[in-house]
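What follows is a single structure, written as structure tokens, with notes after it.
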Amino acid sequence: MTEAGTYDAIIVGSGAGGAAAAYQLVRAGARVLLLEKGERLPRDGSTLDFRRVVTQGEFQSREVWLDGRGRPFRPEEHFNLGGKTKWYGAALLRYAPAEFDPDPGHSCLGWPITYEELRPYYEQAEQRLAVRHFAPEPSLQRIAGRLTQRSLFWHQQSMPMGLSAGILNDLPEARHFDGFASVADLKADAETSFLQPLGGHANLEVMTGCTVTELLGAHEDARRIEAVRLADGTQLRAGAVLLAAGALHSPRLLQRYLEAHDLARSLPAAASVGRNLKLHLLTAVIALSTTEITDLIRKTVIFLNDQLPHSSVQPLGFDAELMGTLIPKIVPRGIARWIGAHSYGFFLQTEDGAHPDNRVIAESTATQNRPVMDYDASRTPASQLEHRQLVWRLQLALGKVGMLALSQRIGLAGTAHVSGTLVTGMEPARSVVDAVGRVHGMQGLYVVDGSILPRSSRVNPSLTIYAWALRVADQIARCAQPPWQARERPR
């Protein structure tokens with residue numbers, strides 16, 4: 001066991017929350033150590049290769065979990081610098097103001113802050129990510145026009161995207177931005193937008209290939225976190241530790257610590273750790289057309305339905321070639337290519353309600369030393385009902401514009417939008433994290449990833465995670481005594 005240097009802040013995870021928090025703290029003068037379990041992604045073009053990325057799953061985690069019935073499965077998680085943001089589809093939407101309020105009818109919890117309190121950090125995140133809008137291309141424009149004209153309830157909005165304008169001149173990148181990692185840095189992600197601008201900064205140290213296995217508390221007070229331990233036994237100390245490992249991983253670190261220090265029964269917030277897991281209810285739809293589809297950047301609008309307030313539809317960013325690869329192998333390749341050239345993909349999502357029995361449980365001897373994701377969508381029936389209506393209404397609407405729509409529900413392994421396992425709230429007995437990101441009843445421990453989200457919203461969570469992390473880091477920097485004002489701390 002070795003002990004390395006002391007930092008003002010240690011951040012566990014380099015995705016949206018971790019990178020944004022590092023950016024804000026470093027600029028405020030803090031000495032920051034960013035720890036990432038994975039490595040930097042290669043720049044050899046392999047992250048744009050459909051076979052290696054999708055078919056073989058080469059860049060996905062190999063960690064095996066158990067579901068609520070004890071059956072093994074492998075969530076589609078990624079461990080690399082920049083986290084899931086390297087692979088996301090670059091859709092960067094804000095939550096609506098109403099989505100900060102509770103909605104009991106849909107089993108939605110409320111935030112301890114308002115939209116207005118997060119708004120300046122949304123703006124900062126959008127500026128850093130260079131969010132822009134792309135005009136709909138001819139095929140989507142035709143589909144959208146017919147869809148909205150023939151229904152009083154469907155309408156469209158322009159999609160804010162984290163894509164460089166130059167991507168239109170790079171066909172391989174343009175065809176592979178949705179679900180693939182950019183090689184030319186043409187997609188705004190956590191690494192390119194928040195970490196690269198800090199390159200060479202003396203106050204930031206980034207360590208990849210480092211797995212944090214344990215939180216460490218003060219000898220005299222277990223409720224104060226002051227260090228972490230790595231898999232090789234190294235201990236790293238800090239005035240503040242920020243969890244940003246993601247909604248499936250951050251709660252496991254906290255659960256293990258609470259159990260090891262007998263805090264699980266005495267800390268009110270402990271009862272909520274790992275609970276209220278939300279996944280979004282997701283369905284992929286392929287819509288076939290009699291006319292050829294030639295659009296390149298397809299993910300340029302989002303569709304909303306006034307009768308389905310917790311749902312949204314966005315096009316998949318796959319071009320004709322990639323759409324053809326989704327057709328089952330039993331179909332002759334010539335027919336598959338024709339289908340790909342005549343189809344548009346859509347990604348349907350409905351906000352998941354919060355239920356305490358939907359939860360993440362850390363690995364133990366009782367679970368075969370594997371983590372558990374006990375999740376059942378039927379526990380939030382309002383979400384189930386609305387999502388079924390969403391799929392049916394979109395298929396009906398597409399049929400009216402001359403497109404045959406085929407759907408495929410995305411299962412438990414689809415964890416791209418997982419959230420809610422360390423929810424923020426005002427009451428320690430009903431939440432884990434307070435309004436400034438600190439774990440209720442503990443000192444020196446903050447959470448800046450998607451696990452804090454009380455609501456999953458009807459849109460992608462990335463921009464909200466960026467904004468939350470910027471706000472938490474700003475709160476730490478603005479407090480009466482930020483950690484780096486007391487560099488010499490007793491041990």
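Among (1) touching a Ser or Thr at 6+ places or on another chain (Cβ under 7 Å); (2) surrounded by fewer than 16 Cβ atoms within 10 Å (Cβ to Cβ), there is one condition Leu171 misses while meeting the rest; what is its number?
With (1) touching a Ser or Thr at 6+ places or on another chain (Cβ under 7 Å); (2) surrounded by fewer than 16 Cβ atoms within 10 Å (Cβ to Cβ) applied to Leu171, the lone miss is (1).
Which number in (1) over 21 Å from His440 (Cα atoms); (2) within 22 Å of the chain's Cα centre (by Cα); (3) among the small types (Gly, Ala, Ser); (4) surrounded by 21 or more Cβ atoms within 10 Å (Cβ to Cβ) marks the one condition that Gly274 misses?
(1)
Quick one: what pairs do we get from the range 200-214, first residue within 21 Å of Gly246 (Cβ to Cβ), second part of a loop (DSSP other than H, G, I, E, B) and among the small types (Gly, Ala, Ser), C-beta under 6 Å, 6+ apart or different chains?
The qualifying pairs are Thr211/Ala231; Thr213/Ala231.
Check whether at least one residue in the range 201-211 is part of a strand (DSSP E or B), of a type in the set (A, V, I, L, M, F, W, C) and touching a helix residue (DSSP H, G or I) at 6+ places or on another chain (Cβ under 8 Å), and report yes or no.
yes
In the range 347-387, what residues are within 24 Å of Phe303 (Cβ to Cβ) and either among the hydrophobic types (A, V, I, L, M, F, W, C) or assigned to a loop (DSSP other than H, G, I, E, B) (or both)?
Selection gives Phe347, Leu348, Glu351, Asp352, Gly353, Ala377, Thr380, Ala382, Leu385.
Please work out which residue is surrounded by the most Cβ atoms within 10 Å (Cβ to Cβ), limiting yourself to the range 444-461 and to residues that are among the hydrophobic types (A, V, I, L, M, F, W, C) and more than 16 Å from Ala98 (Cα to Cα).
Once the filter is applied, the top-ranked residue is Val448.
Every number here is computed from the coordinates shown, using simple stated rules; none is lab data. Note that the coordinates shown come from a computational prediction; the quantities given were computed from them, not determined experimentally. Virtual Cβ from ideal backbone geometry, glycine too; neighbours counted across all protein chains shown.
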